[in-house]
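The values are calculated or read from the model by the stated rules, or taken from the named source; none is laboratory data. Owing to the predicted nature of the structure, the values given are computational and were not obtained by experimental measurement. Heads up, the Cβs are rebuilt from the backbone with ideal geometry, glycines too, and the neighbour counts pull from every protein chain shown.
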Amino acid sequence: MTKTPKIHIWLPDIFQFKGGIQVYSAFLIRALEEVLPNSDRSVFIKNDAFSTENIKFDKQTKLRFAGRWKSTFLHTPIFAAQLLFSAIKASPDLIICGHINFSPLAAKISRLLKIPYWLIVYGIDAWNIEDSSKIDGLKSAQKIISIGDYTRNRIITEQNISHELISLLPVTFDDDQFTVKPKPQYLLNRHQLHPDQPIILTVSRLAGGDRYKGYDQIIQALPAIRLQIPNICYLLVGKGDDRDRIEAIVDDMDVRDCVIFTGFVPDYELADYYNLCDVFAMPSKGEGFGIVYLEALASGKPTIGGNQDGALDALCNGDLGALVNPDSINEIGETIVQILMNKHSLSILYKPEILRQKVIEKYGFEQFKQNLSHLFTDYTD
């Protein structure tokens, strides 16, 4: 790669929607700005129409928006044409393909113009792929970048891809935003909670496609939890089209008095909600990684994840948090009770500052930049 590499980055969106992929993409661009400050960076964004003030990039990072066209029907062909024309005109040294949906086009451009590309895979997007064009796009990439071991191992097994072809660039988070603090009084007041009241927290979109997050199972475990911890409270932070169904489960389980739906929570309050809880629980079984686990750990909170997905990476295979069978309501409930009654065998759960230190060492932004730098060292070598 040249001393001033020309890099094209293709992304679904960053600004108008906030999810795991969007957060990861923003950190990736910021890391590129620091790791390769002299690089010529052009970021092509399919769905966004404009940038927002809450996410800022270096002035040398050029943003190209396909979402400014009013018709969503036109986004895909316009975006594809934009990518092809820019590749022909600019002849970048590298394309970073930020979603597997874009990989068939990346493969074609690579063959036509001899431009190498790297493909980022996050989780469920790259599991059980059956689309032949996406399989080709995956296997034709010069480097596949996985956000975690779990996804890498699944792809290796499912697609028979060499282990050496897939590199890791694990998720990162804003380690300045999440810190160990007392329960915020204003949130206790808002939700009419007592300072000593045990609180379980889940942060998740409440969308029909996100039921794998495990909040259903926590709600179903609440009657048994309440027998041992009568004043238990379950805080569910997030909004989505699945809320009515979830509320119906709450009523069916007769636990309305101990479940609070916060709805949408602005970014400036999110860290306070982690500080409000006594245990963070998201026993999912379809998570590619889960940045929320890192945020909870950085807040010093005992954390529970599922043992069948990317939570294995986030919780370091059980070294930093409790892993449970996401299909076992009994195990989920028992683990929550054990933690809240200070009876869990994993002692680090009760050492908030050490939890914070360990997760920053493993997944903080400085480590993310080092990991990215190593990818480019390998590439130039």
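Being basic (K, R) and in contact with a helix residue (DSSP H, G or I) (Cβ under 7 Å, 6 or more places away or on another chain) narrows it down to one of K46, K59, so name that one.
Values: K59 fails: in contact with a helix residue (DSSP H, G or I) (Cβ under 7 Å, 6 or more places away or on another chain).
Among K46, K59, only K46 is basic (K, R) and in contact with a helix residue (DSSP H, G or I) (Cβ under 7 Å, 6 or more places away or on another chain).
Would the stretch 22-39 turn up any residue that is under 23 Å from D125 (Cβ atoms) and either surrounded by fewer than 17 Cβ atoms within 10 Å (Cβ to Cβ) or without any contact (Cβ under 8 Å) to a residue 24 or more places away in the chain (or both)?
Yes.
Tell me which residues, restricted to the stretch 188-208, are closer than 18 Å to L270 by Cα and among the small types (G, A, S).
Selection gives S204 alone.
List the helices (runs of 4 or more DSSP H) that sit entirely inside the stretch 251-327 and contain at least 3 residues that are closer than 20 Å to K18 by Cβ and either in the same structural domain as Y350 (by TED's automatic domain parsing) or within 15 Å of the chain's Cα centre (by Cα) (or both).
Numbers: elements: 267-276, 291-298, 311-314.
Counting at least 3 such residues, we get 267-276, 291-298.
Quickly run through the stretch 111-141 and pick out the residues that are farther than 24 Å from L32 by Cα and assigned to a loop (DSSP other than H, G, I, E, B).
Selection gives W127, N128, I129, E130, D131.
If only one of L201, L222, L227, L193 is in a strand (DSSP E or B), in the same structural domain as F280 (by TED's automatic domain parsing) and at pLDDT 95 or above, which one is it?
Selected residue: L201, the only one of L201, L222, L227, L193 that is in a strand (DSSP E or B), in the same structural domain as F280 (by TED's automatic domain parsing) and at pLDDT 95 or above.
Kindly evaluate T157 against the criterion of being in a helix (DSSP H, G or I), without any contact (Cβ under 8 Å) to a residue 40 or more places away in the chain and either of a type in the set (S, T, Y) or within 30 Å of I219 (Cβ to Cβ) (or both). Before you say what the answer is, go through the steps one by one.
On the way: in a helix (DSSP H, G or I): yes; without any contact (Cβ under 8 Å) to a residue 40 or more places away in the chain: yes; either of a type in the set (S, T, Y) or within 30 Å of I219 (Cβ to Cβ) (or both): yes.
Yes; evaluated as a whole, the condition is true for this residue.
Tell me which of these N342 doesn't satisfy, since it passes every other one: (1) free of Cβ contacts under 8 Å to residues at least 12 places away in the same chain; (2) in the same structural domain as T151 (by TED's automatic domain parsing).
The single condition N342 does not satisfy is (2).
Scanning the stretch 119-141 for residues that are touching a residue at least 60 places away in the same chain (Cβ under 8 Å) and not aliphatic (A, V, I, L, M), which turns out nearest to L28 (Cα to Cα)?
Going through the qualifying residues, I end up with Y122.
Tell me, which residue of the stretch 204-218 that is in contact (Cβ under 8 Å) with a residue 60 or more places away in the chain and part of a loop (DSSP other than H, G, I, E, B) is surrounded by the fewest Cβ atoms within 10 Å (Cβ to Cβ)?
Among residues in the stretch 204-218 that are in contact (Cβ under 8 Å) with a residue 60 or more places away in the chain and part of a loop (DSSP other than H, G, I, E, B), the one surrounded by the fewest Cβ atoms within 10 Å (Cβ to Cβ) is R205.
I'd like to check something: does the stretch 162-176 contain any residue that is surrounded by fewer than 21 Cβ atoms within 10 Å (Cβ to Cβ) and β-branched (V, I, T)?
no
I need the full set of residues from the stretch 63-110 which are among the basic types (K, R), modelled with pLDDT under 95 and not in a loop (DSSP other than H, G, I, E, B), in order please.
Taking the stretch 63-110 as the starting set, the residues that turn out to be among the basic types (K, R) are 64, 68, 70, 89, 108.
Subset that is modelled with pLDDT under 95: 64, 68, 70.
Scanning the stretch 63-110 gives a single hit, R64.
Which of the residues spanning the stretch 236-256 are among the hydrophobic types (A, V, I, L, M, F, W, C) and closer than 19 Å to Y212 by Cβ? Outline the logic, then answer.
So the first thing to find is which residues in the stretch 236-256 are among the hydrophobic types (A, V, I, L, M, F, W, C), and the list is 236-237, 246, 248-250, 253, 255.
Of everything in the stretch 236-256, those that are among the hydrophobic types (A, V, I, L, M, F, W, C) and closer than 19 Å to Y212 by Cβ turn out to be L236, V237, I246, A248, I249, V250.
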